[in-house]
Every structure is written in C-alpha cells, then in structure tokens.
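Here the structure is laid out as structure tokens; the discussion comes afterwards.
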Amino acid sequence: MLLKTETYKQQSNLAQFCRDGKEVAILNAKPERLSHYRRLIFNVVKDALETTYPISFKYIESQTWDEIVYNFFSLHKCNDPQVWRMPFEFFEFCKSEKYADKYKLPFLNDLLYFEWLEVEIYMMEDLEYPEFENSKNLLPEKIAVNPEHKIIKLEYPVHLKNPIDAVNIKGDYFLLIYREKESGRVQFVNLSVLYTFLIENIVMAEKTLEEIFSDILYIFGINDLEMLQTESFKFLDDLKTRGFILGVLNN
Amino acid sequence: MDVKAGIGFRKDFAEEFLSGSVLKPGFVELAPENWMNIGGFWKKKLNQLAEIYPITSHGLSLSIGSPEELDMNFLKKVKSFLKEYNVEIYSEHLSFSKCDNAHLYDLLPIPFREDSIKHVAQRIKQVQDFLGRQIAIENVSYYTPVAAEIDEATFISKIVEEADCQLLLDVNNVYVNAFNHNYDAKEFINNLPLERVAYIHMAGHTKVAPDLIIDTHGEAIIDPVYELFEWTLEKIKPVPVLLERDFNIPEMDELQNELNSLEVIMSNKWKASNVIENRNI
C-alpha cells in the first residue's frame, strides 16, 4: 500500500467518528466542523432505515429505535455499496444481536424481514418468465408461476395486524410475496399451511397439479378430493387473476 | 457527447423527465449505485429515460480515496451498467466513503498528502484500466481539512496528472470551499489542470453558520456561483454542464429556468456552435 500508516490512521479515525460520534483526535481538523460529517452521514443511515422500515419505526419507541440504529451503525461494518440495500444488513444485525429478546420486541425479526422483503422484491432484478400457455384443464399439467416471488414463514402475523397485537397470536404464518409484471407493485397473499404446500410444489414444477393433489390427500389426511379440488381451483383462479399463476408450463 | 446542460435524475420527479412537458434537459446524470442490478418498476423507468436522454454517471460508492483495496466486484457491476446504458462520462468523487471495510454512504475528505496522491492516483489508474476508459474525478466540498500537509489545488492537480484522468470541475464546490476555508476561488481554479476538465457541476448550497456553507444541492444556484461559472468557462473548452438538485425540489419551470440560465452562459462564453440550447429544441 502506498498510503502511510499515519495517513491511514487519520482516515480511519474520521470514519470511526462518523460511525459512533465519539470524539477522536484528527490532525489539523476543526472539531466543531467534524460534527457536520457525523450528522450528515448518520442522517443518511437513519433516513434509509426509516424509509425501508416505516412500520417498525412507527411501533418501536423512538428511544429504543434510536439506540438500535446507533448500535447498528457504530458496531456493524456496512458492507453493501448500494445504500438501498443497507437496511438488509440492519435486519441481519438485529437478528444476530438478538434484539428481539434484548429490547423485548418479539415481533422485531418478523417485522423487519417482512418490510425488507417488500423492498427487495420491488427492486429485484427482472427474472426470466417461463414459457407457458393457457389451458382449461390444469390437472394433468405442471403450472407456470411468476418467478419474481418469495414464500416466507413468520411467527407473528405482522402482515395482517399491527405488531403490538400480532405478538398475542404466535403461530405459523405463511406468506406469498410477488411482484406484478406490468405494474411492478408488490403483492402479499396470506397462505394456509395447505396452500403453502400446494404453492411450494407448484413452484418446484416437478409434479402435475393432479399429483400434487394426490400428495395433499395423503399428507393432510383429507378424504374429499372433490372439495379439495374445488376450493383449490378457486384459490388458483384468484392467483391467476392477480398475476401470480400464469398458465401451464410448455413442455 | 454534445455540449449541453443536463440535470440529475431523481425518482422524486421522474415523470417530469419522461413527459418532457416542462423539463427539457440535454442529458441526465444518475448514480450507478442507485440504478444497477435492479428490475421492476424503476428498471422500466430507467429504460424509458435512456431512450429519451443521453446518460452520464456520477458514482457515490467507489470510494477512490479508501485505504483498502478497490471493490472489484462492485466495479464489475458499474462497468456492465455503463455499457448497458451507453454512458460516455463516468465520474467519481475525490473523497472516501468507505474505511476499514465499512461503507459510510457519504463523502469524506482525503488527507491532502503526498502519499495519498500516490495511493489515489494508483487506484484511479486501476479503475481506468479495468473500465477501459478515462474517468473524471470531482473536486469535492469539505468542511474541515483532515491531516492536510499540502494545499488542495496541488493535491487535486497532482492526482489528476499522475493518474492521467479527467477532471470534473464542480464550480459550486470551489465556491463553497473558498468560503469555508478562506481562499480565493479564482486563484484556486487557475491552479487546476483546466485542460483536463471534461464535465462541470453546478448546484446550490446552504449557509448554516456565518463561516460555514454546506453543499446541500437543496437550493437554487446563487449569483456569485453563476459569476464564477461564467469566469471559468472562458478558461476551458466546451464540456457538458450538470445542474445538481437533490432536495427541496422546486416547480419544474424553476429548474428549467436554471438550465436555461446555464445554457445562455455556455452559449455566450463558448461561442462555438457545439453548444445546443435545449430550450430551442
């Protein structure tokens, strides 16, 4: 490295001051002006986090939120050069530091993840859509779906209720999140366990719909195939209308 | 690239760019960090934008002044972005925004020192080799010197010469720094390698204390900055000029008026025919 250790040290001191705000000696610098760097940088970080996590910001007491944000930026080394991706590191930091327990915010991990995924899926690179065609009879076919999606499991239904109420009904909640092709809007679909199984198997595209129904009968102990199919088709029709189900895969 | 006045593309008023009803920039500038590796709604908007306007790119996160190694993975993505959008001018700040492997998402001043010159020049060369093009390096505003041992103009000049890169001359930054650090703006500009200026930035700023201006890009350009701009243009060859406006966005006709004002000056000072006034298009 062509940089002398002393020069590096000065840069490192300035950077560390911007991250934690703790006074540090920097050669020839005007201390009263250094504070502007800390303020400007910390505002960028705060703004990015408040924009990405508006629900968390709203429901977490401001003193606690500020402390979490301060800890994050002072202790964590932000790795991503794209500032809009930085909030994902915030989510991972909070999870690894077990802040849900420490700050008695049981919903924290679920809520941050849920809010982050909306941004991630909204911004994600375009994925190639499968070749598909419309068919009236889906049963013997493999189903084509919008590839720009994610299925997640949450402990608290933060997608259905405000986080304060959601912590009272801990359970297994499944959620389909996808991006509409034309509008680019992100949509959320609450899934039952059965429909999660159905959608996950459709996405894998290893089995026809008929084979998936057969698996469901066996795994979920259902006897009434007709009812299963009737209800499932209503659900799948709705997903087709909403742009998640595309049609049947071309062989 | 034609010698025109352009403006930074902002999501806040993206539709104004696309409709072209009031705002008619000659080109648009955007930060590749905010636009690369994305899809969906904003990718479509970006593609529409690229069909209408030439694009220049002004980076934020390369951190050319960082002590650590360059992020080649990031640079690879930048290269691909520049190619995809046929970007002729790629510029970056003469500053650092990452240290000890932690991004800071803002621009910090590099110590004005001889070892920094060698270090930064080598990194610029490495970037240019990788991208297969010259890049333009911008003089940044700063609020306090950090461990400086030489003057700013010498620091910038030596880096630009040693790296054999272009200079993005930010006239507002010169004004801001001259005010904040009590030096003569014209003398400063005279001491720069003006033959290397490939691009100019103009912007407004905010005075936060009697002795301190912050480079906010949140106000209209003030007259003394216009005057400095006018004076500067006599000394350099015609280059594209960018209006930076990132906050406190006014009505579009106000922005267009600023673009018009810049182009009138460009046209008057650079009587060469290659100044194209957008308001006449």
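The numbers here are math on the coordinates, done by the rules we state, and not lab data. Just so we're clear, the structure is a prediction, and the values are computed from it rather than from any experiment. Positions of Cβ are backbone-derived with ideal geometry, glycine not excepted, and every protein chain shown enters the neighbour counts.
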| Inter-part distance where the stretch A:10-50 and the stretch A:110-149 are each reduced to a Cα centre, Å | 42
| From largest to smallest, what semi-axes in whole angstrom does the stretch B:1-133 give when each is the square root of 5 times an eigenvalue of its alpha carbon gyration tensor? | 29, 15, 14
| message | Please compute the modelled spin-label separation between B:LYS83 and A:GLU180, points set 7 Å along Cα→Cβ, answer in nm with one decimal. | response | 3.5
| field | Zone of B:GLU195's modelled label, taken as backbone nitrogen in the stretch B:148-162 under 20 Å from a point 7 Å along Cα→Cβ | value | B:153-162
| request: Calculate, for B:LYS76 and B:ALA31, the FRET efficiency according to 1/(1 + (r/R0)^6) with r their C-beta to C-beta distance and R0 30 Å; round to the nearest 0.05. | output: 0.95
| Loop GluC sites (Glu not before Pro), the stretch B:1-88, which have at most 13 other Cβ atoms in a 10 Å radius of their Cβ (DSSP) | B:GLU69
| note | Amide H neighbours of B:ILE89 at under 5 Å, excluding residues fewer than 5 places away on the same chain, with H built from the backbone geometry, are B:SER57
| field | Cα gyration tensor shape of the stretch B:190-263, rounded if a/c is under 1.5, else prolate or oblate by comparing a/b with b/c | value | oblate
| request: With unit charges on the beta carbon (Lys/Arg positive, Asp/Glu negative), name the residue among A:GLN229, B:ALA178, A:ASN28 whose Cα is farthest towards the positive pole of the charge dipole of the protein assembly as shown. | output: A:ASN28
| With charges set only on the Cβ (+1 for Lys and Arg, -1 for Asp and Glu), what does the dipole of the stretch B:5-280 come to about its Cα centre, in debye to the nearest 20? | 940
| request: Obtain the nm distance between the two label points defined at A:ARG33 and A:TYR218 by a simple spin-label model: each point lies 7 Å from its Cα along the Cα-to-C-beta direction. | output: 7.5
| remark: Answer in debye to the nearest 20: the dipole magnitude of the protein assembly as shown about its Cα centre, from +1 Lys/Arg and -1 Asp/Glu charges placed on Cβ, is 500
| said: Taking the Cα centre as origin and putting +1 on Lys and Arg beta-carbons and -1 on Asp and Glu beta-carbons, what dipole magnitude results for the stretch A:131-245, to the nearest 20 debye? | reply: 480
| task | Calculate the translational D of the stretch A:132-249 in whole µm² s⁻¹ from Stokes-Einstein, where the hydrodynamic radius comes from the Kirkwood formula applied to all Cα pairs, the temperature is 25 °C and the viscosity 0.890 mPa s. | result | 162
| Interchain or long-range residues, amide H under 5 Å from B:GLY6's placed H | B:GLY26, B:PHE27, B:VAL241, B:LEU242, B:LEU243
| remark: Sorting A:GLY184, A:TYR37, B:SER157 by the position of each Cα along the dipole of the protein assembly as shown (Lys, Arg +1; Asp, Glu -1; all at Cβ), the one nearest the positive end of that ordering is B:SER157
| request: Send over the semi-axes of the stretch B:5-280's equivalent ellipsoid, whole angstrom and largest first, taken as the square roots of 5 times the C-alpha gyration tensor eigenvalues. | output: 27, 24, 18
| said: From the C-alpha coordinates alone, can you work out the Kirkwood hydrodynamic radius of chain A, in Å? | reply: 21.4
| Which residue, chosen from A:PRO140, A:SER214, A:ASN201, occupies the Cα position most advanced towards the positive end of the dipole of the stretch A:132-249, where the dipole is computed from +1 (Lys, Arg) and -1 (Asp, Glu) charges on Cβ about the Cα centre? | A:ASN201
| Loop-exposed GluC sites (Glu not before Pro) per DSSP, neighbour cap 13 Cβ within 10 angstrom, longest uninterrupted part of chain A | A:62-124
| request: Evaluate the Kirkwood expression for the hydrodynamic radius of the stretch B:55-192, namely the inverse of the mean inverse distance over all pairs of different C-alpha atoms, and round to one decimal in Å. | output: 15.2
| said: What does the structure give for B:144-153 when I average, per residue, the other chain Cβ atoms found within 10 Å of the residue Cβ? | reply: 5
| If you bin the C-alpha pair distances of the protein assembly as shown every 20 Å from 0, what whole percents do you get? | 20, 46, 26, 8, 0
| Are there any helices in chain B, counted as whole DSSP H runs, that stretch 20 Å or more along their axis by Cα and score at least 0.0 on average by Kyte-Doolittle, and if so which? | none
| remark: Here the FRET efficiency for A:LYS98 versus B:ARG133, based on Cβ atoms and R0 = 41 Å and rounded to 0.05, is 0.30
| Karplus-derived 3J(HN,Hα), 6.51/-1.76/1.60, for each residue of the stretch A:62-73, Hz, glycine and proline x | 4, 5, 5, 4, 4, 5, 5, 5, 4, 4, 4, 6
| task | Return the distance in nm (one decimal) between the two label points of a simple spin-label model at B:ILE150 and B:LYS125, each offset 7 Å from Cα along Cα→Cβ. | result | 1.5
| task | Shielding by partners for B:63-69, please: the mean number of other protein chain Cβ atoms within 10 Å of each residue's Cβ. | result | 3
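How many times 2.2 N^0.38 Å is the alpha carbon radius of gyration of the stretch A:5-105? The partial results should precede the final answer.
Values: Rg = 14.9 Å, N = 101, 2.2 N^0.38 = 12.7 Å.
Dividing the Cα Rg of the stretch A:5-105 by 2.2 N^0.38 Å gives 1.17.
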| remark: Taking alpha-carbon centroids only, the stretch B:93-144 lies from the stretch A:163-239 a number of Å equal to 51
